[in-house]
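A quick write-up on the structure given underneath.
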Amino acid sequence: MSLTLEQVRRVAHLARIEISDAEAESTLGHLNGIFSLIEEMQAVDTRGVEPMAHAQDLAQRLREDRVTETNRRDAYQAVAPETEAGLFLVPKVIE
C-alpha cells in the first residue's frame, strides 16, 4: 500500500495540520517508507512462532510480599482538617 500526495493532504486537513507542498512531499516519502517496511514484516512466515512478552526469556526477581513499615495513619490523620472512621474527608467538588 502506498499513499498519494492528495491522500497526505487530506489526512493533514482532517487533522487540522497546515502543511506546505514541500512538507507534504517529504511526509509522503516517510509514510510510504513506513508502509513498505510494514509490508515486508507482514510477508515473514511466523507460523509456529510463539508470541512472547519480551525478546529475552527473563524472570522477574520479586521480593516477598510483606509489610515493612509501621502503621502511621493516626499520626498522618492528626494533622488533617477532617477525618471520620479512619478516612480523610474532603470537600465535594462534583455536584
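This table checks each residue for (1) surrounded by 10 or more Cβ atoms within 10 Å (Cβ to Cβ); (2) among the β-branched types (Val, Ile, Thr).
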site: Leu5; (1), (2): yes, no
site: Ala12; (1), (2): yes, no
site: Ala15; (1), (2): no, no
site: Ser26; (1), (2): yes, no
site: Arg47; (1), (2): no, no
site: Pro51; (1), (2): no, no
site: His54; (1), (2): no, no
site: Arg63; (1), (2): no, no
site: Val67; (1), (2): no, yes
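Checking the condition touching a helix residue (DSSP H, G or I) at 6+ places or on another chain (Cβ under 9 Å), among the β-branched types (Val, Ile, Thr) and under 30 Å from Ala12 (Cβ atoms), which residue from Thr83, Thr27 passes?
Details: Thr83 fails: under 30 Å from Ala12 (Cβ atoms).
Going through Thr83, Thr27 in turn, the sole match is Thr27.
Since every read-out is calculated from the coordinates, none of them should be taken as a lab result. Since the structure is predicted, the reported quantities are computational estimates derived from the model, not experimental observations. Don't worry about glycine lacking a Cβ; one is built from the backbone with ideal geometry, like all the others, and counts go over all protein chains shown.
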